[in-house]
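The structure appears below as structure tokens.
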Amino acid sequence: MKKNCTPLLLLLCKLGYAQPIAVQDIATDAIIPIPANLAKEPRFAVNLHSGYAVGLGSTFKFYPDDISSITITQAGGNTPEKTITYANPAKGLGDGLRVGFGGTYILNDFISLNLDFDYFRSTIRKHRDSSIHLTGQPMTNNAADEYYYSERNTISYQATIVSLTPAITFKAISKPKWFLYNKLGGIITFRPNSLQEDRTQSFTRLGWQGFYKDTSSTTAKHYAWGIRNPAFGFMGALGAQFKIVKNVRAFAEIQYSHIVFVIKKRTLTDFIINKENIVNSFTTSQREIEFVRSFSADNGTTANPDKPSQTIIQRIPISYIGLQAGISLLIP
């Protein structure tokens with residue numbers, strides 16, 4: 001019995017001695033070497049973008065009325081007939097092309113910080129046509145027996161915005177080659193500019209028994225709006241980004257923006273009648289309007305012609321929604 005135990009003890013000792021070597025070999029094989037030149041994901045990106053925006057309803061009401069035409073006709077001694085046509089403006093301040101560039105810092109897999117610079121210009125205009133036509137008028141003191149007058153009045157506004165937009169981007173759905181995101185940010189505009197033109201083109205025809213004399217004239221008034229600098233607003237966007245090649249991405253987004261211009265002054269810069277500028281013939285109170293928080297007026301006192309007229313502060317909203325697209329380059 002004693003002799004039979006000896007081989008068994010030797011076998012157990014051999015297994016016990018071999019076990020640490022096997023465990024050591026397994027542990028050694030499980031270690032995964034880390035390359036020294038493992039590339040890091042880029043944290044910075046720059047972009048170029050452009051888009052077109054459409055003004056929303058709050059920017060349509062810059063005009064004194066919604067009248068598009070006024071027509072008056074009278075034949076002989078009959079009662080004059082007057083027709084007025086109304087139409088809503090088709091464009092609001094905020095329509096126009098937008099271009100810009102920007103930078104991005106990728107904070108983590110879900111949040112990025114953005115800073116964009118943009119140039120945006122928007123122009124809107126409204127026409128009103130008016131006419132009066134009198135026929136069969138009595139011939140007294142060599143007066144015309146036919147009279148026709150027509151005019152087209154055009155009021156236009158132009159806004160130029162150079163803006164700085166800090167924003168935060170949140171990834172919503174992420175895939176290896178694309179992701180969806182939403183963006184929230186503020187808008188700061190520097191040296192905002194707004195111009196107004198009021199132009200009237202008129203035509204007159206006088207008739208004497210089939211003979212006619214025609215005259216025409218053009219009057220143009222230009223106004224510059226002084227706006228508080230800087231002006232502020234906010235924006236929000238929904239978009240998607242797609243991988244083109246290794247460090248190049250394309251993106252597109254639908255963006256809503258809202259900016260408020262606080263008016264400080266309106267100045268008549270030109271008053272042109274048939275190419276002759278007579279703006280210097282007006283007093284300062286006739287050329288300039290100053291917008292203030294409050295003022296008092298005494299109807300018994302004549303206003304100082306050398307000082308601007310006063311009225312209450314106005315705020316001009318510029319709200320628009322548009323499609324923007326661009327290219328983003330990741331910087332290693």
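Here is a list: 102, 92. Which entry is within 30 Å of residue 185 (Cα to Cα), modelled with pLDDT of 85 or more and either touching a Phe, Trp or Tyr at 6+ places or on another chain (Cβ under 8 Å) or hydrophobic (A, V, I, L, M, F, W, C) (or both)?
On inspection, the qualifying residue turns out to be 102.
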Before we move on, is residue 296 outside any strand (DSSP E or B) and surrounded by 13 or more Cβ atoms within 10 Å (Cβ to Cβ)? no
I need the full set of residues from segment 205-221 which are surrounded by 15 or more Cβ atoms within 10 Å (Cβ to Cβ), out of contact with any Asp or Glu (no Cβ under 6 Å at 6 or more places or on another chain) and closer than 17 Å to residue 127 by Cα, in order please. 219, 220
Note down all Cβ pairs under 6 Å where the first residue falls in segment 145-157 and is farther than 20 Å from residue 66 by Cβ and in contact (Cβ under 8 Å) with a residue 60 or more places away in the chain, the second is hydroxyl-bearing (Ser, Thr, Tyr) and assigned to a strand (DSSP E or B), and they're at least six residues apart or on different chains. 146/135
In segment 69-101, what residues are closer than 30 Å to residue 165 by Cβ and hydrophobic (A, V, I, L, M, F, W, C)? 90, 93, 97, 99, 101
Taking segment 255-285 as the search range and keeping residues that are touching a helix residue (DSSP H, G or I) at 6+ places or on another chain (Cβ under 9 Å) and among the β-branched types (Val, Ile, Thr), which one is nearest to residue 218 (Cα to Cα)? 272
Only one of these is of a type in the set (A, V, I, L, M, F, W, C) and surrounded by 15 or more Cβ atoms within 10 Å (Cβ to Cβ): 282, 251. Name it. 251
Here are 87, 143: which of them is under 30 Å from the mean Cα position of the chain (by Cα), exposed (fewer than 15 other Cβ atoms within 10 Å of the Cβ), over 26 Å from residue 228 (Cβ atoms) and not aromatic (Phe, Trp, Tyr)? 87
Can you find even one residue in segment 118-132 that is farther than 29 Å from residue 195 by Cα and either surrounded by 13 or more Cβ atoms within 10 Å (Cβ to Cβ) or at pLDDT 90 or above (or both)? yes
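The values are calculated or read from the model by the stated rules, or taken from the named source; none is laboratory data. Being a predicted model, the structure only gives us computed values, none of them experimental. Positions of Cβ are generated from backbone atoms using ideal geometry, with glycine treated the same way; all protein chains shown enter the neighbour counts.
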